[in-house]
Every structure is written in structure tokens, then in C-alpha cells.
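One structure is given here, and the rest of the page talks about it.
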Amino acid sequence: MKSVTEEKLKILQFINQTEQYRDLNDAVSLINSREGMTGGEPSSELAEILKHQLLQSEDHALTHNAKLSFYNIRIIAENLHGSDFSNALEYSRRRYEIIQARPDLIVEKPMVYIRGVQQYVQRCILSGSFEEAERILPTFEQMIQKFDAKLYEAARIEAFIMKTSMEVFYYLNSGKLDEGVLRIDVWQKGISHYRKEIGLQLYRPICFNICVLLVFAEKWEQALVWVNRSLEEQPDIRRDIVSAAKLLSLVIHYELGNTSLLEYTVRSTYRYLAKRERLGKPEQIVLRFLKKVSGVISKRELIRHFNQLRKQLQALNSAKDNTILDLFDFPLWLESKATGKPLNELFLAKLVGESA
């Protein structure tokens, strides 16, 4: 009788602790949704939550779910702290190991596994641990294939979206642009297969990021295809992507020599951005510039305009305001035009400089 009572008390302790971790996770997630990645000192509210005894060590977590919650809270807290991803990588790696240790739960709760891998791979890439990311992505694909028959359709779609997004992110940040270009047919096949099930909220950024990869690889005709895809359907969903894609399409048309389209397209883009209050000072300068150079013939005059725009944007850069130009490195493209250096070489050199 005593052992039964003790067992019941133990179960109640597990349940109570799981609920405590859930409450702590919800509290930290609420702060994250409100503040995002602040890059500064943690708020007093977050600091107080992190003092909780259950968040001092994994050893306090008594169950599988409690351990996952412990590390999820720690990962979110590191996001709020800013740009040092070393701790977040350590936490996401450990969370991944805990998930991998229970393959039965991967089938039962595939979304937990899929999002855990996404957390891990993303932080590998952000911290520059590219070899680690390279090892994880194929393992993830093998695991999904292994359990494919047991997964429900939403999990298969989520797995495809996650893997494709992380691959594009990996190739862009590692500088392996040529390898990324070779994967595009595979991505295209999956996107076409799941297109009806993938909402614009996810479809749009995938297409835009593939376009950015192609731009830095200087594959302009392919880039035009993907930027047009990122502009498909309702323009009010992911307006930040739509706005950036409209500007990037002007760059692509310029590179393809479609100057006859530029004057009209610049006007329509200007109207779109102004209507949606995304027409900041940098965007106004860029649009005026593109309209101007669409009629410029002299190479010397072109270079003068490119250099002039670079200086104008550099002067505005000190304001540190977020703009839609942040989604594509427009100044790097300008540098390529002004110096005559290939864009992909400048892009790779910048990545090397940032990792030094």
C-alpha cells in the first residue's frame, strides 16, 4: 500500500512539475513575441523568470518533456539576449540529443522533433558551425524517410518546409552558392508538390530567399523566376517580403537589361511602398536612383551614379533603422557596380570578413 501511495505521489510530482515548466515556457514565449531579438540586456521580467529554481540546471527536470521545456526556455532567453549564439547552440544541441534519444516520441510528436531540428540547425548556421549543420540535415532527412509511412501529412509538409528553408539559409550563410544553385531543382519539385498546402506566410519567404541566393550567384534569369514567385497572390501577406521583392526585381531587371520596364516598374513600386507606409528615406533614394539610371547610357556616368548612391546610403546607415533593404544587401550590389568586381566575389569576401 505504501509503495502505491509513493508511486501516486511521484506521478503527481511529475505532473505538477510539467505544468510549472509549461507556465515558465509560456511566460518566456510571451516576452519573445513582444520583444523579439533585442540584442541588449534582458528585461527585468525575463531576468526574474530565469531565477526560478527549475531553470538553474537540467538535473531539476524529472521527465522527458520537462527537459525539453527547460532547454526551449533557455534557447528563447538567449535569443532575447542578442547576437551571441554560442550558448543557444549548446542548448539546442542538447535539446536535439534528448529528442533523438526517444525515437518512439518522434513518431508520436513529429512536430516537436521537426522544430527541434530547426532550432538546432539554425543556431549552427548563425554561430558559423557549418560542418555541424551539414551533418544534421541528412540525418533529419533519413529520419523523416524512415518514419514517412507513420507521419501525418501536415508533418511531412512541415518537414519539407523546414529542411528547404534551412538548406537555403545554410548555402547563403556558408557561401556555398554554387552548391545551393544545384539544389534548386530539388526544392522546386517539393514546392510544386506541396504548393496547395503551403500558405503564403511560408511560401513567400522561401521563394524570396532562393531568389537572393541566385542573385548573389549572379544567376539573373533564374532569380527573376523566383522573385516573381515571391510576389504571387495576395500582396498583404508578408508585406515586408513583398516590398523587398519589388525592389529586388528592379535590380534583376536592370541586370538583365530590361531597361524599358524599369521606368513603369519604378513608379508602380513607389506607389505600392508609399501606400503601405514602407517608403522610408533609403527606399526613396534607391527608387529615384533606379529610375535615373534606366536612361543612362555612358558607363562613366553610371559609375558616378552608383558611387553617389553608395555614399547617400552610407550616410543614412548610422541611423540603424530597420528597412526593407535589410532583407537584401543592396549596398553590396552597388559596390559591385561601382568597382566592376563580381557580386559573388564581394559576397564571399564579406562572409569571410564577418567570420574572422
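Working carefully through the options Tyr113, Tyr71, Tyr91, find the one that is under 22 Å from Gln13 (Cβ atoms), surrounded by 21 or more Cβ atoms within 10 Å (Cβ to Cβ) and of a type in the set (Phe, Trp, Tyr).
On the way: Tyr113 fails: under 22 Å from Gln13 (Cβ atoms); Tyr91 fails: under 22 Å from Gln13 (Cβ atoms).
Just a single option satisfies the conditions, and that option is Tyr71.
Residue-by-condition table, conditions (1) under 20 Å from the mean Cα position of the chain (by Cα); (2) within 30 Å of Gly82 (Cα to Cα):
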site	(1), (2)
Gly128	yes, yes
Ala133	yes, yes
Met143	no, no
Lys146	no, no
Lys150	no, no
Ile157	yes, no
Ile161	yes, yes
Ser165	yes, yes
Gly175	yes, yes
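Looking at (1) among the charged types (D, E, K, R); (2) part of a loop (DSSP other than H, G, I, E, B); (3) in contact with an Asp or Glu (Cβ under 9 Å, 6 or more places away or on another chain), which one does Glu232 not meet, given that it meets all the others?
Tallying (1) among the charged types (D, E, K, R); (2) part of a loop (DSSP other than H, G, I, E, B); (3) in contact with an Asp or Glu (Cβ under 9 Å, 6 or more places away or on another chain), Glu232 fails exactly one: (3).
Listed here are the residues, each with its yes/no results for (1) over 24 Å from the mean Cα position of the chain (by Cα); (2) modelled with pLDDT of 90 or more; (3) part of a loop (DSSP other than H, G, I, E, B).
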{"position": "Ser3", "(1), (2), (3)": "yes, no, no"}
{"position": "Lys8", "(1), (2), (3)": "yes, no, no"}
{"position": "Ile11", "(1), (2), (3)": "yes, no, no"}
{"position": "Gln20", "(1), (2), (3)": "yes, yes, no"}
{"position": "Asp23", "(1), (2), (3)": "yes, yes, no"}
{"position": "Asp26", "(1), (2), (3)": "no, yes, no"}
{"position": "Ser29", "(1), (2), (3)": "no, yes, no"}
{"position": "Thr38", "(1), (2), (3)": "no, no, yes"}
{"position": "Glu41", "(1), (2), (3)": "no, no, yes"}
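Just to be sure I understand the filter: pairs with C-beta atoms under 7 Å, separated by 6 or more residues or on different chains, first member in the stretch 272-296 and more than 22 Å from Lys311 (Cβ to Cβ), second member outside any helix (DSSP H, G or I) and modelled with pLDDT under 70. Which pairs pass?
Leu273/Leu279
Listed residues Gln201, Gln188, Gln142; which is under 20 Å from Leu327 (Cα atoms) and part of a helix (DSSP H, G or I)?
Details: Gln188 fails: under 20 Å from Leu327 (Cα atoms); Gln142 fails: under 20 Å from Leu327 (Cα atoms).
Of Gln201, Gln188, Gln142, the one residue that is under 20 Å from Leu327 (Cα atoms) and part of a helix (DSSP H, G or I) is Gln201.
Are any residues in the stretch 231-257 farther than 19 Å from Cys207 by Cβ and in contact with a Leu (Cβ under 9 Å, 6 or more places away or on another chain), and if so, which ones?
Of all residues in the stretch 231-257, those farther than 19 Å from Cys207 by Cβ come to 254, 257.
The one that is farther than 19 Å from Cys207 by Cβ and in contact with a Leu (Cβ under 9 Å, 6 or more places away or on another chain): Tyr254.
In the stretch 57-77, which residue that is aliphatic (A, V, I, L, M) and over 14 Å from Gly116 (Cα atoms) is farthest from the chain's Cα centre (by Cα)?
Taking the stretch 57-77 as the starting set, the residues that turn out to be aliphatic (A, V, I, L, M) are 61-62, 66, 68, 73, 75-77.
Next, only the ones that are over 14 Å from Gly116 (Cα atoms) stay: 61-62, 66, 77.
Numbers: Ala61: 31, Leu62: 33, Ala66: 27, Ala77: 18 Å.
Here the answer is Leu62.
Please verify whether Ile161 is within 26 Å of Arg195 (Cβ to Cβ) and either in contact (Cβ under 8 Å) with a residue 60 or more places away in the chain or surrounded by 21 or more Cβ atoms within 10 Å (Cβ to Cβ) (or both), treating the condition exactly as stated. Even if it seems obvious, please write down each step before you answer.
Numbers: within 26 Å of Arg195 (Cβ to Cβ): yes; either in contact (Cβ under 8 Å) with a residue 60 or more places away in the chain or surrounded by 21 or more Cβ atoms within 10 Å (Cβ to Cβ) (or both): yes.
Considered against the rule, which asks whether it is within 26 Å of Arg195 (Cβ to Cβ) and either in contact (Cβ under 8 Å) with a residue 60 or more places away in the chain or surrounded by 21 or more Cβ atoms within 10 Å (Cβ to Cβ) (or both), Ile161 comes out as yes.
Each row is one residue, and each column tells you yes or no for (1) under 18 Å from Gln118 (Cβ atoms); (2) modelled with pLDDT under 95; (3) loosely packed, with under 15 Cβ neighbours inside 10 Å.
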position	(1), (2), (3)
His52	no, no, no
Leu55	no, no, no
Asp84	no, yes, yes
Glu97	yes, no, yes
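Out of Arg239, Arg229, I need the residue that is over 15 Å from Phe330 (Cα atoms), basic (Lys, Arg) and modelled with pLDDT under 95. Which one? Steps first, please.
Details: Arg229 fails: modelled with pLDDT under 95.
It is Arg239.
Among the β-branched types (Val, Ile, Thr), free of Cβ contacts under 8 Å to residues at least 40 places away in the same chain and out of contact with any Ser or Thr (no Cβ under 8 Å at 6 or more places or on another chain), is that true of Val186? I'd like the intermediate steps shown before the answer.
On the way: among the β-branched types (Val, Ile, Thr): yes; free of Cβ contacts under 8 Å to residues at least 40 places away in the same chain: yes; out of contact with any Ser or Thr (no Cβ under 8 Å at 6 or more places or on another chain): yes.
Judged against the criteria, Val186 is a match.
Take Val225 and decide whether it is within 20 Å of Ile252 (Cβ to Cβ), assigned to a helix (DSSP H, G or I) and without any contact (Cβ under 8 Å) to a residue 24 or more places away in the chain.
On the way: within 20 Å of Ile252 (Cβ to Cβ): yes; assigned to a helix (DSSP H, G or I): yes; without any contact (Cβ under 8 Å) to a residue 24 or more places away in the chain: yes.
When the stated conditions are applied, Val225 passes them.
Read through the list (1) within 21 Å of Gln119 (Cα to Cα); (2) modelled with pLDDT under 95; (3) assigned to a helix (DSSP H, G or I), then give the number of the only condition that Glu167 fails.
Unmet condition: (2).
Of these, Ser57, Ser129, Ser33, which one is among the small types (Gly, Ala, Ser), farther than 20 Å from Asp23 by Cα and out of contact with any strand residue (DSSP E or B) (no Cβ under 9 Å at 6 or more places or on another chain)?
Values: Ser57 fails: farther than 20 Å from Asp23 by Cα; Ser33 fails: farther than 20 Å from Asp23 by Cα.
Result: Ser129 is the single residue among Ser57, Ser129, Ser33 that is among the small types (Gly, Ala, Ser), farther than 20 Å from Asp23 by Cα and out of contact with any strand residue (DSSP E or B) (no Cβ under 9 Å at 6 or more places or on another chain).
So that you can scan it fast, the table gives a plain yes or no per residue for (1) among the hydrophobic types (A, V, I, L, M, F, W, C); (2) surrounded by 13 or more Cβ atoms within 10 Å (Cβ to Cβ); (3) at pLDDT below 75; (4) within 25 Å of the chain's Cα centre (by Cα):
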| site | (1), (2), (3), (4) |
| --- | --- |
| Arg271 | no, no, no, no |
| Glu277 | no, no, yes, yes |
| Phe306 | yes, yes, yes, no |
| Ala319 | yes, no, yes, yes |
| Leu334 | yes, yes, no, yes |
| Ala338 | yes, yes, no, no |
| Leu348 | yes, yes, no, yes |
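The values are calculated or read from the model by the stated rules, or taken from the named source; none is laboratory data. Because the structure is a prediction, the values reported are computed rather than measured. With ideal geometry, Cβ positions are generated from the backbone for all residues, glycine too; neighbour counts draw on all protein chains shown.
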